[in-house]
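I'd like to ask some things about the structure below.
Laboratory data are not the source of any read-out in this text; all were calculated from the coordinates shown. This one's a predicted model, so the numbers in the text were calculated from it and none came from an experiment. Reconstructed Cβ throughout: ideal geometry from the backbone, glycine too, with neighbour counts over all protein chains shown.
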């Protein structure tokens, strides 16, 4: 079973307890969401690199596109 570590900032007491089913479910959801955000960021980075490569092949830079208002 997963465990939760709770810190009480006022007293300095640390408590370790078993996670509830709801907390375990939320941990799984959070992990899936994090993985999806990472995959999305990686896909955007690959698309940007590909677009910059195509621009370079045409002899253009992203600054050239900004100058054109694109």
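Restricting to region 16-61, give me the number of residues that are in contact with a strand residue (DSSP E or B) (Cβ under 6 Å, 6 or more places away or on another chain) and part of a loop (DSSP other than H, G, I, E, B).
Residues meeting the conditions: 1.
Right, here's the next one. So residue 4 passes all but one of these: (1) surrounded by 10 or more Cβ atoms within 10 Å (Cβ to Cβ); (2) in contact with a strand residue (DSSP E or B) (Cβ under 8 Å, 6 or more places away or on another chain); (3) without any contact (Cβ under 8 Å) to a residue 12 or more places away in the chain. Which condition number does it fail?
(3)
Now for a different question. Name every residue in region 21-51 that is touching a residue at least 24 places away in the same chain (Cβ under 8 Å) and over 22 Å from residue 1 (Cα atoms), in order of residue number.
none
Within region 23-38, does at least one residue satisfy the condition of being surrounded by 10 or more Cβ atoms within 10 Å (Cβ to Cβ) and closer than 30 Å to residue 61 by Cβ?
The answer is yes, given that some residue of region 23-38 is surrounded by 10 or more Cβ atoms within 10 Å (Cβ to Cβ) and closer than 30 Å to residue 61 by Cβ.
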